[in-house]
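Comments concern the structure below.
The values are calculated or read from the model by the stated rules, or taken from the named source; none is laboratory data. Computed from a predicted model, the values in this text were never measured in an experiment. Methodologically, a virtual Cβ is constructed for each residue, glycine included, from the backbone with ideal geometry; neighbour enumeration extends over all protein chains shown.
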Amino acid sequence: MHKILLISLSFIIGLYAIEIPIEKVQIHEFGKSIELNSKIVQLSSAKQSIMTLLDGQITEYYVKEGETVNKGQKIALIESIELSKMSAEYLSLKNQYLSMNKTYEANKQLYDKGIISLEALNRINIENNEMLAKLETLTSQLETLGIETKNISNTTSKYILRAHNAGRIGTLLKGKHATVSKDTEIATVVKEQAFYLKSYIPLSYANDLKVGQKITITHNNKTFATYIDKILPELDETTQRIIVLSSINEPIDGLFINSYINSTLYINTDKKYLAVKKTALTFLNNEWVVFVPKQEAHEEKAKSSKEHNDEHDKEDKHEDKDGHKDEHNDEHNDEHKKEGDSHEEEPQYEARDVKIVNQDDSYVAIEGLNINEEYVSDKTYYVKSLVLKSSMGDGHGH
């Protein structure tokens, strides 16, 4: 029992030791806010398809679903008979061209000596240029596959598919060792944080909507701001509401495409209300309340401070020559301390019911307080604990 009492006393003393921030009710401008139901979506432009370039077989994946990749990072290794034929043809054409080029140079020397005609030299040159054109076409095709032709000395049958942009691997659509045709989608890469908020706005707000207006969402106890990018020209057929898209530009962990989430749209109407900080609000007895300092506590504190100063002046006058105070002053100080202690046991704040009129990210427009009236702007949990403990104490005092 003593242990419980000591813990309770320590808790109360700790609460009083905490500095409670006090601010004054001020006028604050608010835009109109509308509570919405929104959906996390992703535009088709945010998704990249990894496509096969030739017929072949998937021999290896370098990534897993959900893995983050950089631009140019390896995705899959494909083995292709068609590539083997292309590389063999490339090596053959390259050797033929080198040989034909030597033939042309030799015939040019014969032409310079007048041994062969210009017509014969031109015919060899045309054949040489045709061979070069075939070689350049094949070189371009191989380089599209990511194969550097200058390094080809033997036939090759494997090529690597890479990510065109940074993002996250969405789905691996084909299994390892699967046989695939040309232009088959085997994986998707989703751009990082390329999410949009698709919100449904009542038609009555059509004239208030503008690109750039803020829509906030709360996820994992954090608030994130998005801004309207597009107002679609057609209504949603099911809800008959306006559809707006707002981009989510900062990383948010745990968002899932097609999930629904509560959101708030802020319309810039700039109305002015008496306001307190959001951190000042708390729920008590089924009502929203704001704690304010008790008026009598203010007056008592001022009175106590004045009396305390007066007593100190008297004490200074009654000091003896040795610098000691008399016994009367000591007794009086003890009484004064007890009185102060008894005052401190009572909570210095009271709860005031308020009505919420409007709100934004940081402030709440309220009715129930006056301008410049002092209120507890934060740490309301501690004040609430004091008030509740005081009311419990009053109930057990009879």
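In the set GLY212, GLY175, only one residue is part of a loop (DSSP other than H, G, I, E, B), at pLDDT below 90 and surrounded by fewer than 14 Cβ atoms within 10 Å (Cβ to Cβ); that residue is GLY212.
Screening the stretch 134-149 for residues that are part of a loop (DSSP other than H, G, I, E, B) and surrounded by 16 or more Cβ atoms within 10 Å (Cβ to Cβ) and picking the one that is nearest to the chain's Cα centre (by Cα) gives LEU145.
Considering the stretch 192-221 alone, what residues qualify as being on the phi > 0 side of the Ramachandran plot and in contact with a Phe, Trp or Tyr (Cβ under 6 Å, 6 or more places away or on another chain)? Before the answer, list the steps.
We begin by selecting, within the stretch 192-221, every residue on the phi > 0 side of the Ramachandran plot; these are 193, 212, 220-221.
Across the stretch 192-221, the qualifying residue is only GLY212.
In the stretch 38-56, what count of residues is obtained for those that are in a strand (DSSP E or B) and either within 31 Å of the chain's Cα centre (by Cα) or surrounded by fewer than 16 Cβ atoms within 10 Å (Cβ to Cβ) (or both)? Steps first, answer last, please.
Applying the first criterion (in a strand (DSSP E or B)) to the stretch 38-56 yields 38-41, 47-51, 56.
Imposing the further condition that a residue be either within 31 Å of the chain's Cα centre (by Cα) or surrounded by fewer than 16 Cβ atoms within 10 Å (Cβ to Cβ) (or both) reduces the set to 38-41, 47-51.
Within the stretch 38-56, residues that are in a strand (DSSP E or B) and either within 31 Å of the chain's Cα centre (by Cα) or surrounded by fewer than 16 Cβ atoms within 10 Å (Cβ to Cβ) (or both) number 9.
Could you check, for the stretch 104-127, whether at least one of its residues is of a type outside the set (Phe, Trp, Tyr), assigned to a loop (DSSP other than H, G, I, E, B) and either in contact with an Asp or Glu (Cβ under 7 Å, 6 or more places away or on another chain) or within 30 Å of THR239 (Cα to Cα) (or both)?
no
Before we move on, is LYS191 farther than 30 Å from LYS74 by Cα, touching a strand residue (DSSP E or B) at 6+ places or on another chain (Cβ under 8 Å) and surrounded by fewer than 18 Cβ atoms within 10 Å (Cβ to Cβ)? Spell out the reasoning first.
Numbers: farther than 30 Å from LYS74 by Cα: no; touching a strand residue (DSSP E or B) at 6+ places or on another chain (Cβ under 8 Å): yes; surrounded by fewer than 18 Cβ atoms within 10 Å (Cβ to Cβ): yes.
It is false that LYS191 is farther than 30 Å from LYS74 by Cα, touching a strand residue (DSSP E or B) at 6+ places or on another chain (Cβ under 8 Å) and surrounded by fewer than 18 Cβ atoms within 10 Å (Cβ to Cβ).
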